[in-house]
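Everything below concerns the one structure shown next.
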Amino acid sequence: MLWAIATTGLGNTFFISLLLMEAKPKLPDFLPQNLANTAWALATLGHKDDAFMRALLGEAKLQLPGFNVTDVLQTSYALAKLNINDTEFQRMLAARSTQLGMGE
């Protein structure tokens with residue numbers, strides 16, 4: 001749902017916060033694409049929620065072997081746009097991008 005909101009640009013901060021409250025306990029059920037799309041949507045909307053992003057990145061670390069090129073790019077974009085400095089995860093993303101043959 002956040003992806004749809006971000007693509008329309010019709011985000012409402014209160015509504016987005018409610019969605020994140022509902023989504024947070026369900027993050028372990030998200031697929032890699034869902035994690036990346038959620039991070040991308042939040043960055044596109046300019047909605048920074050540190051606690052939610054910590055939880056999302058924690059789950060992304062576990063699922064990183066399943067990330068494809070698009071997932072890596074979307075998540076990297078979100079980290080940069082939201083100014084999130086997670087050195088460990090950024091290194092993991094870089095390693096995954098190398099595994100996927102990105103930047104060759």
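The values are calculated or read from the model by the stated rules, or taken from the named source; none is laboratory data. Note that the coordinates shown come from a computational prediction; the quantities given were computed from them, not determined experimentally. No Cβ is skipped: glycine too gets one built from the backbone with ideal geometry, and neighbour counts run over all protein chains shown. All accessible areas refer to the heavy atoms of the entire protein, side chains included, with ligands and DNA or RNA removed. Shrake-Rupley method; radii C 1.70, N 1.55, O 1.52, S 1.80 Å.
Values for this structure:
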{"item": "The stretch 17-59 shape via C-alpha gyration tensor axes, a/c threshold 1.5", "result": "oblate"}
{"item": "List Asp29, Asp71, Asp49, ordered by accessible area with a 1.4 Å probe, largest first", "result": "Asp29, Asp49, Asp71"}
{"item": "Environment charge at Leu35 (Cβ cut-off 9 Å; Lys +1, Arg +1, Asp -1, Glu -1)", "result": "-2"}
{"item": "Eligible aspartates and glutamates near Lys24 by straight Cα distance, threshold 15 Å, same-chain separation 8 or greater", "result": "Asp49, Asp50, Glu59"}
{"item": "Under 18 Å from the Cα of Lys81 - lysines, other chains or at least 8 residues apart", "result": "Lys48"}
{"item": "In Hz, Karplus ³J(HN,Hα) per residue of the stretch 54-63 (6.51, -1.76, 1.60; θ = phi - 60°; x = Gly, Pro)", "result": "4, 5, 4, 5, x, 6, 4, 4, 5, 9"}
{"item": "Karplus 3J(HN,Hα) series, Hz, for the stretch 31-44 with 6.51 cos²θ - 1.76 cosθ + 1.60 (x for Gly, Pro)", "result": "7, x, 4, 5, 4, 5, 5, 5, 4, 4, 4, 4, 5, 4"}
{"item": "Shape of the chain, Cα gyration tensor, a/c cut at 1.5", "result": "prolate"}
{"item": "Placed amide H near Met102: partners under 5 Å, 5+ positions off or other chain", "result": "none"}
{"item": "Principal-axis tilt of helix 69-81 within the chain, Cα atoms, nearest 10 degrees", "result": "60 degrees"}
{"item": "Segment Thr87-Ser17, length gained on full extension (0.36 nm per residue, minus Cα span)", "result": "22.6 nm"}
{"item": "Length gained when the stretch Thr98-Leu62 is fully extended (0.36 nm per residue, less Cα-Cα span)", "result": "11.2 nm"}
{"item": "Value of [θ]222 nm, deg cm²/dmol, for the chain, DSSP H segments ≥ 4, -39500 (n - 2.57) each, nearest 500", "result": "-21500 deg cm²/dmol"}
{"item": "Note, ³J(HN,Hα) from phi for the stretch 88-93, Karplus 6.51, -1.76, 1.60, rounded to Hz, x at Gly and Pro", "result": "4, 5, 4, 5, 5, 4"}
